[in-house]
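Report on one structure; see the data block that follows.
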Amino acid sequence: MEKKLGVYICSGCGIGDALDLEQLSKVATDENSIPICKTHSNLCGKEGVDLIKGDMDSEGVNSIIVAACSPRVMYDVFDFEGCIVDRVNIREQVVWSQPPGDENTQMMAEDYLRMSIAKVNAMELPEPYKPEEEFSRDILVVGGGLTGLTAAIEGAKAGYNIVLVEKESELGGFQKNVKQIATFPYKDIQESDIDALINEVTQNERIKVYTGATVEKTEGGPGVFKVTIKQNGSSAEHRIGAIVMAAGWAPYEPEKLDEKYGYGASPNVITNFQFEQNFNGDKITRPSDGSPVNNVVFIQCAGQRDPDHLPYCSSVCCITSLKQAIQIKRQNPDSAVFIVFQEMRTPGQAEDLYRKAQEMGVVFIRSQSVEVKANGDLLSVEALDELLGENVLMDNLDLVVLATGMVPVSAFGPDISQEMKEEEKEAGKEEELEEIPTDIIRRSNILNLEYRQGPEPPALRYDFPDSHFICFPYETRRTGIYAAGCVRRPMGVASAQEDAAGAVMKAIQCIELTSKGAAVHPRAGDLSFPEFQMQRCTQCKRCTVECPFGAINEDEKANPLPNPTRCRRCGVCMGACPERIISFKNYSVAMIGDMAKAIEVPEEDEEKPRILVFACENDAYPALDMAGLHRMKYNAWVRVIPLRCLGSMNLIWIADALSRGIDGVLLLGCKHGDDYQCHFVKGSELANIRLGKVSETLDRLALESERVHFETVSIIDYPRIPEILDDFAKRIDEIGPNPFKGW
Ligand code: SF4
Ligand code: SF4
């Protein structure tokens, strides 16, 4: 497309009072010979937008630079179809964070306009990716338990065809064992309605059910998944748009518990799950001889919140024990029922169930020290009662019920990540790749992905594959595959049903965005995708290994095989590629390099150092905006370039900037490590690893290593922004000017 640029500067929101807009316009008109440069007092209003649209119609403007507020606001207002649009943030990051009428404030705004012009000159309008294969809107739900059944029904109600795969011979999952449930509004326990749900699923014409079946193979990506289902020795293939992984959970093996819990010492010591299985609608009796139960102790947190067993809380056991205690009391009001707990966790209205159990005479003992003693037929529990400060003995027990926890199905199967790494070593690439953090990949046979990065979504903390972040619920590290229910985190009935609906909505979002060639969260709607100049590829494998979403496969010669519908447009591959042959139409190594080069670097004697800030657009850039929004003033030497992810950072930008006389480079990215906040999972960590190599560049230029610095920030850290920028500026001032100035 032949570009015709138009620059539009807003004077509203205090911009016109703080800046000399005539002078600013000259950056476009005089320096860059852009004939169309207009100023308006309210560019986001109808009149302002019509001004731009008028120029599109009459002047053929198709590349629009809006110098006004942050690109994080008014994005729908300044969205002109078929046009390249770039936003110059002279409101939040210039006039709201710098003193008005100041020479440095003016220089900052002018630099940002120069950088935007360089950017627009280097970019092209993205064309959405359309897969060659037939596009599917069908949703695969793996798991026919409560979550899977609910996801299937919700997806079907929304008008999507569902393929439901359950490995057991009947639907219902663990809930088939559960006669009565405790669920909202928690006033009482109720009969389970799982059979009605199963019936609804099997009767629904939009839902194709496979029982006694497994997913043998999953190829492709969102919109074009090809899923092979194995059932009774035969295989069926389905084209699938997105996947809900509701594979469920398994009980923690009680044999692994510490001896003090007495599991195995008496048949009358059982787990909460065995309670459901044994007494599914039947009379609750003593397992050893079937006699009535009169004295029962429940022990909470058996092997849970325990670093040697399950370090997490399974969230359902307190409510389950309350329900089971009520069931016993209902059966025999004279029974003595005790619940020994560390903390009772009954959030929200589940507290009502707690009260109900108390009213029915269940006795609660808070204790951090408990021991089950079994001697032949005699069963007792001794606990140090925290309230009384003394040991209490509960003897002549008929039943002890241990509240053991839930383990996601994704936790089973060997971790094959090391095996995969060994294969890399055999391929002779170990030196380059060994510093790259490896995900734990278990061969748990849920999806059997034909992905270069392993057969299942990576197991994250405690083997749950979910992202663990409130802003990305359901997301696994494989695009278009959403975890729901207890495979995502331990949860009860009500939460599992909500989860199912949420995950299937994410699957639908994914299908609809992908059908338009657009990215899903967090760059939802982005139409760009990475393009590879394969002639110069050295098959180094960096892109295929570093892509956090497993979007790039490899052929047998290690050539990258991109799957654009799996791509999240983070640019990590672009930052990884040593040959710099990966780029997006609107984001490339050259484009960011041109932006950095557009910054005017004053001579040394002007005493105006320049600091280039590469800021992650997900948290750091919004934090800078927030600082401006709160009118926090910060150093005027900084020039910010937003990056899709710090993982897309290419070291050449730092080398080029420093060799042009930029005095310091600051990277602002998300927290990495176990508690990472990086929206692209490993990007921030990879940037940090790459930064380790920057010392070579600095040595070559004979520059101080302190000129390059990495800081992690989240959006809520915005009060720290002035301090971070000012401190770095102070450090640069102390080091002195970059000797390359003026070269
Ligand atoms: S690294 Fe990011 S941009 Fe590159 S292919 Fe993977 S998801 Fe897409
Ligand atoms: S990182 Fe670049 S050179 Fe290496 S395999 Fe990927 S595309 Fe080829």
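Kindly establish whether Gly664 is more than 16 Å from ligand 1 (Cβ to nearest atom), closer than 24 Å to Trp96 by Cα and not assigned by TED's automatic domain parsing to the domain that holds Cys69. Criteria met by Gly664.
Within region 20-45, the residues that satisfy the criterion of being in contact (Cβ under 8 Å) with a residue 12 or more places away in the chain and among the acidic types (Asp, Glu) are Asp20, Glu31. The listed residues are Ala496, Ala501, and the only one of them that is touching a Ser or Thr at 6+ places or on another chain (Cβ under 6 Å) and either modelled with pLDDT of 95 or more or not assigned by TED's automatic domain parsing to the domain that holds Ser192 (or both) turns out to be Ala496. When the strands (runs of 3 or more DSSP E) confined to region 211-284 are screened for residues that are in the same structural domain as Gly172 (by TED's automatic domain parsing) and of a type outside the set (A, V, I, L, M), those reaching at least 3 such residues are found at 213-219, 225-231, 234-240.
For region 717-736, the condition holds for no residue, the condition being that it is within 28 Å of Arg566 (Cβ to Cβ) and not in a loop (DSSP other than H, G, I, E, B). Taken together, Ala507, Ala519 contain a single residue that is touching a residue at least 40 places away in the same chain (Cβ under 8 Å), of a type in the set (A, V, I, L, M) and not in a loop (DSSP other than H, G, I, E, B), which is Ala507. Among the residues of region 372-386, those that are at pLDDT 95 or above and either over 30 Å from Phe174 (Cβ atoms) or not in a strand (DSSP E or B) (or both) comprise Lys373, Ser380, Glu382, Leu384, Asp385, Glu386. Within region 532-546, being closer than 10 Å to Ile582 by Cβ and in a loop (DSSP other than H, G, I, E, B) holds for Gln533, Cys537. Residues considered: Ile592, Ile611. Of these, the only one that is under 25 Å from Asp656 (Cβ atoms), within 16 Å of ligand 1 (Cβ to nearest atom) and either of a type outside the set (D, E, K, R) or without any contact (Cβ under 8 Å) to a residue 60 or more places away in the chain (or both) is Ile592.
A search for C-beta distances below 6 Å between a residue of region 180-207 that is within 12 Å of Ala156 (Cβ to Cβ) and any residue that is surrounded by 17 or more Cβ atoms within 10 Å (Cβ to Cβ) and small (Gly, Ala, Ser), counting only pairs 6+ apart in sequence or on different chains, returns Val201/Ala152; Asn204/Ala156; Arg206/Ala156; Ile207/Ala152; Ile207/Ala156. Does Ile441 count as without any contact (Cβ under 8 Å) to a residue 60 or more places away in the chain, aliphatic (A, V, I, L, M) and surrounded by 24 or more Cβ atoms within 10 Å (Cβ to Cβ)? Taking the combined requirement at face value, the residue satisfies it.
Figure legend. Inter-residue proximity from region 375-397: first residues of a type in the set (D, E, K, R), second residues modelled with pLDDT of 95 or more and assigned to a strand (DSSP E or B), beta-carbon distance below 6 Å, spacing 6+ or different chains. Indicated pairs: Glu382/Glu371; Glu382/Asn391; Glu382/Leu393; Asp385/Ile365; Asp385/Val392; Glu386/Arg366; Asp395/Ser380. Taken over region 61-76, the criterion of being among the β-branched types (Val, Ile, Thr), over 27 Å from the mean Cα position of the chain (by Cα) and under 28 Å from Lys633 (Cα atoms) is satisfied by Ile65, Val66. Residues that are within 7 Å of ligand 1 (Cβ to nearest atom), more than 16 Å from Ala590 (Cα to Cα) and in a loop (DSSP other than H, G, I, E, B) within region 561-579 comprise Cys567, Arg568, Arg569, Cys570, listed in sequence order. Checked against the criterion of being of a type in the set (A, V, I, L, M, F, W, C), in contact with a Lys or Arg (Cβ under 8 Å, 6 or more places away or on another chain) and within 15 Å of ligand 1 (Cβ to nearest atom), the candidates Ala558, Ala524, Ala519 yield just one match: Ala519. Hey, does region 531-540 have a residue that's touching a residue at least 40 places away in the same chain (Cβ under 8 Å), within 11 Å of ligand 1 (Cβ to nearest atom), of a type in the set (Ser, Thr, Tyr) and farther than 30 Å from Asp727 by Cβ? No, that holds for no residue. If the condition is being assigned to a helix (DSSP H, G or I), under 12 Å from Val244 (Cα atoms) and aliphatic (A, V, I, L, M), then region 132-183 contributes Leu149, Ala151, Ala152. Against the list (1) in a helix (DSSP H, G or I); (2) touching a helix residue (DSSP H, G or I) at 6+ places or on another chain (Cβ under 6 Å); (3) among the hydroxyl-bearing types (Ser, Thr, Tyr), the condition Ser58 fails is (2). Restricting attention to region 541-555, the residues that are basic (Lys, Arg) and more than 14 Å from ligand 1 (Cβ to nearest atom) add up to 0. Note on region 582-609: residues that are in a loop (DSSP other than H, G, I, E, B) and in contact with a Phe, Trp or Tyr (Cβ under 6 Å, 6 or more places away or on another chain) amount to 1.
What do you reckon, is Pro560 farther than 25 Å from Gly221 by Cα and either assigned by TED's automatic domain parsing to the domain that holds Arg639 or at pLDDT 95 or above (or both)? No, not satisfied.
Residue check: is Gly661 part of a loop (DSSP other than H, G, I, E, B) and either closer than 28 Å to Ala18 by Cβ or touching a Lys or Arg at 6+ places or on another chain (Cβ under 9 Å) (or both)? So Gly661 passes the test. Looking only at residues in region 540-580 that are more than 9 Å from ligand 2 (Cβ to nearest atom) and among the basic types (Lys, Arg), the one that is farthest from Met420 (Cα to Cα) is Arg569. Which one of Val400, Val392 is in a strand (DSSP E or B) and within 21 Å of Gly303 (Cα to Cα)? Just one listed residue meets the conditions, Val400.
The values are calculated or read from the model by the stated rules, or taken from the named source; none is laboratory data. Just so it is clear, the model here is predicted, and its values are computed rather than measured. Backbone-built Cβ (ideal geometry, glycine too); neighbour counts: all protein chains shown.
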